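First up is the structure itself, then whatever we jot down about it.
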Amino acid sequence: MITFNTKDFKGVDQFGIQALPPAEYLRKEKYIMSSITVRLPDSVHRKVKEVAKEDGVSINQFISSAVGEKLASVLTASYLEERARKGNRDRFKKVLAKVPDREALEKDCL
């Protein structure tokens with residue numbers, strides 16, 4: 001994933017996703033990037049332009065970050081669904097049965 005906002009994507013590597021700032025990605029990939037044409041309604045385009053300016057980034061950077069965030073979301077959901085399919089309710093109940101029935105420790109309370 002290419003994003004200027006890598007701090008919000010810390011830990012995604014555990015899902016097989018690598019979050020890189022564009023400059024690092026370009027160095028790694030020997031400056032190979034794709035261009036696409038995206039058709040947006042005028043109202044969305046105006047809002048993207050406005051928000052990107054407020055954020056201090058280009059429209060391209062803003063859209064790249066938005067796409068990266070959406071990919072992270074979709075890939076995370078897919079990963080969790082895959083993990084859930086591998087789950088076993090009986091084994092889960094056996095593990096839970098091992099937990100002592102007592103009040104939570106003070107350090108575990110909010």
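The values are calculated or read from the model by the stated rules, or taken from the named source; none is laboratory data. All values derive from a computational prediction rather than experimental measurement. We place every Cβ from the backbone using ideal geometry, glycine too, and count neighbours over all the protein chains shown. Heads up: the accessible areas ignore ligands, DNA and RNA and are worked out on the full protein's heavy atoms, side chains in. Shrake-Rupley method; radii C 1.70, N 1.55, O 1.52, S 1.80 Å.
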Per residue, how large is the accessible surface of region 34-110? Use a 1.4 angstrom probe and give square angstrom. 95 Å²
Proximal charge balance of Arg83 [Cβ under 15 Å; K/R count +1, D/E count -1]: +2
Evaluate 2.2 N^0.38 Å with N set to the residue count of the chain, then give the Cα radius of gyration divided by it. 1.59
Say the cut-off is 25 Å between C-alpha atoms; which of Lys7/Lys70; Lys10/Lys70; Lys28/Lys70; Lys28/Lys86 go over it? Lys28/Lys86
Quick one: which residues, 5+ away or cross-chain, put their amide H under 5 Å from the amide H of Leu20? H built at 1.01 Å from N. Ile2, Thr3
Just tell me, in residue order, which DSSP H segments of the chain are both 30 angstrom or longer along the helix axis (alpha-carbon based) and at least 1.6 in mean Kyte-Doolittle hydropathy. none
Accessible surface of the chain, 1.4 Å probe, proportion on carbon and sulfur as whole %: 53 percent
Normalised by the number of residues in the chain, what is the relative contact order in percent for Cα pairs under 8 Å and 6+ residues apart? 27 percent
Taking the chain as a Gaussian network, Cα atoms linked when under 10 Å apart, which of Leu80, Leu96, Leu20 shows the biggest mean-square fluctuation? Leu96
Filter the trypsin sites (Lys or Arg not before Pro) in region 1-77 down to the DSSP loop ones having no more than 11 other Cβ atoms within 10 Å, then list what survives. Lys10, Lys30, Arg39
DSSP loop (so not H, G, I, E, B), at most 16 other Cβ within 10 Å: list which GluC sites (Glu not before Pro) in region 56-110 pass both filters. Glu103
How big, on average over all directions, is the shadow cast by the Cα convex hull of region 52-98, in nm²? 5.0 nm²
